[in-house]
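> Pasting a structure below so you can have a look.
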Amino acid sequence: MPMEIVEIIASFLQYGGLCSLRFTCRLLYERILRCFGVFLATVPLDFSSHSLQRLQAISSHQYLNQYVQCLSIMNQTHRKLGIDLRWNRSSSGCLIVPQHIVDILSDVLMLLVNCRSFEVHHIYRREHQYTSNFLGGSDAIKILLYIMAETAFPVKSLMLERGVARGWRYGDHIHGERLDIAALHKLGKELESSIDWTCELIGAATSLTILTARLNEFDNAPLLFDRLTLANVLPPLKELVL
């Protein structure tokens with residue numbers, strides 16, 4: 001059978017069947033690599049040791065690392081992140097950055113040359129109960145913002161989403177005080193509301209083109225736009241979804 005036909009067939013296979021086909025022989029292993037890479041366009045991460053090791057393996061692969069386009073942070077099973085690792089926090093409960101695990105992720109992202117989109121989905125509602133045993137949504141966002149700020153990592157899109165699984169709930173939102181954006185970006189401003197830190201985020205992410213922030217306080221959208229119009233410098237933002 002011509003190899004072109006095999007590649008067409010491979011493009012219709014699911015993950016399991018494609019893996020079986022790839023391991024048939026060396027020729028197929030190399031020729032259908034592109035089809036296999038399609039399954040890596042969006043890679044999930046729950047900050048467990050297993051998911052971090054998987055991401056490290058992909059990033060160190062000389063071919064597969066180019067296929068990852070989006071990192072999706074979520075845990076559909078436990079709704080908590082990093083439950084088998086130890087996370088260092090300050091006395092106030094805020095996640096300390098940098099720390100070893102965060103540095104590992106930073107190094108991994110630098111190797112994923114086409115990963116320019118990031119998603120943080122609904123993780124855990126009771127943010128005030130965060131301990132050293134796991135991460136919550138605000139912690140995940142803080143880690144991403146820290147890496148972006150410290151490495152000038154180019155970002156195409158950033159989606160922060162809450163309450164997707166069970167619908168919208170009042171009070172289920174990102175905690176700005178846990179993000180500590182002022183310290184991350186050397187802005188010296190205390191942030192108290194989602195509008196404040198959203199404006200600071202947009203101003204600090206100089207390469208950001210798309211921001212989807214599905215947070216609370218939708219009625220404050222006019223205030224957000226008023227503050228953005230007064231900003232001296234804005235990134236080349238093409239799309240803002242609230």
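The values are calculated or read from the model by the stated rules, or taken from the named source; none is laboratory data. Just so we're clear, the structure is a prediction, and the values are computed from it rather than from any experiment. Note: ideal-geometry Cβ built from the backbone for every residue, glycine included; neighbour counts use all protein chains shown.
> What number goes with the only condition from (1) surrounded by fewer than 17 Cβ atoms within 10 Å (Cβ to Cβ); (2) at pLDDT below 90; (3) not basic (Lys, Arg) that Cys35 does not pass?
(1)
> For the range 45-72, what are the residues that are within 14 Å of Arg116 (Cα to Cα) and under 15 Å from the mean Cα position of the chain (by Cα)?
Residues satisfying the conditions are Val68, Gln69, Cys70, Leu71, Ser72.
> Out of all the residues in the range 115-123, is one or more surrounded by fewer than 16 Cβ atoms within 10 Å (Cβ to Cβ) and either within 21 Å of Thr209 (Cβ to Cβ) or at pLDDT 90 or above (or both)? Before the answer, list the steps.
Step one: list which residues in the range 115-123 are surrounded by fewer than 16 Cβ atoms within 10 Å (Cβ to Cβ), which gives none.
Among the residues of the range 115-123, not one is surrounded by fewer than 16 Cβ atoms within 10 Å (Cβ to Cβ) and either within 21 Å of Thr209 (Cβ to Cβ) or at pLDDT 90 or above (or both), which makes the answer no.
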